[in-house]
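Taken together, the values in this text are just the output of simple stated rules run on the coordinates, not laboratory data. Predicted model only: the values in this text are computed from it and were never measured. Because the Cβ atoms are built from the backbone with ideal geometry, glycine has one as well, and the counts that use them run over all protein chains shown.
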């Protein structure tokens, strides 16, 4: 089975849900079509006044598994073109994980630190034989779409906003509830975890992308007698 990455960005406007929300809808559409959807990750890029972005300049990547490679998710180009908000500048890219070259991964990391041009994104995708398309407006979203593919392929910069069962977690849960979803726990306190320990979700669990896997850093809260996530919810566009 092959792993396929769908990168997208700039699909929203000031009044619409964010690109992460649309990525989760694609995740659901893949499931509906019988394509095994694995995750959605959010990737943060450089925030700079020279860059036109809606709110936080983040892209998203949907990861699926299919024997048919990119052909299995070819529907996403029309899907995003139709679903993107009025006035947005959407871009979408599709690639096989094992075919993403190092220079595309480098492009993703550069997008977190530099102002990049749309022409470079398209040229980089062409060299890598990645299907990257501008789908409306200025098409500026191709930069974040390719950057999201690069960062997801590299596997060390991003946050999981969708894993099957992730958003059903609430209140206090056991370690097994997290591990069952494929989440690796990173205990940051000196205290050693025990089988009876509780893990507080605070209604918002978004594991980090680390080593290609979802990793949840947690710290022991002596007052609440539970493990708390290091990362907590902040003001952000709808995911």
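What is the fewest-to-most order of 43, 184, 225 by other Cβ atoms lying within 10 Å of their Cβ?
Values: 43 26, 184 15, 225 10.
Fewest to most other Cβ atoms nearby, the residues stand as 225, 184, 43.
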Once every Cα of segment 166-229 carries one equal point scatterer and solvent is ignored, give the base-10 log of I(q)/I(0) from the Debye formula at q = 0.15 Å⁻¹, two decimals.
-0.40
Stokes-Einstein diffusion coefficient of the chain, Kirkwood radius over Cα pairs, 20 °C, 1.002 mPa s, in µm²/s:
118
Using a Förster distance of 45 Å, how high is the FRET efficiency between residue 97 and residue 219, based on the Cβ-Cβ distance and rounded to 0.05?
0.90
Approximate spin-label separation residue 36-residue 131, in nm, with each point projected 7 Å along Cα-to-Cβ
2.1
Can you work out the PRE-style zone for residue 46? Point 7 Å along Cα to Cβ, and I want the residues of segment 99-123 with backbone N under 16 Å.
106-122
If R₀ is 22 angstrom, what is the calculated FRET efficiency for the pair residue 186 and residue 75, using the beta carbon separation as r and rounding to 0.05?
0.05
Would you mind calculating the gained length between residue 230 and residue 168 on full extension (0.36 nm times residue separation, minus the Cα-Cα distance), in nm to one decimal?
20.4 nm
Under a GNM of the chain (C-alpha, springs under 10 Å), which listed residue has the highest mean-square fluctuation: 66, 189, 148?
189
Helix-derived [θ] at 222 nm for the chain: sum -39500 (n - 2.57) over DSSP H runs of at least 4, divide by residue count, nearest 500?
-7500 deg cm²/dmol
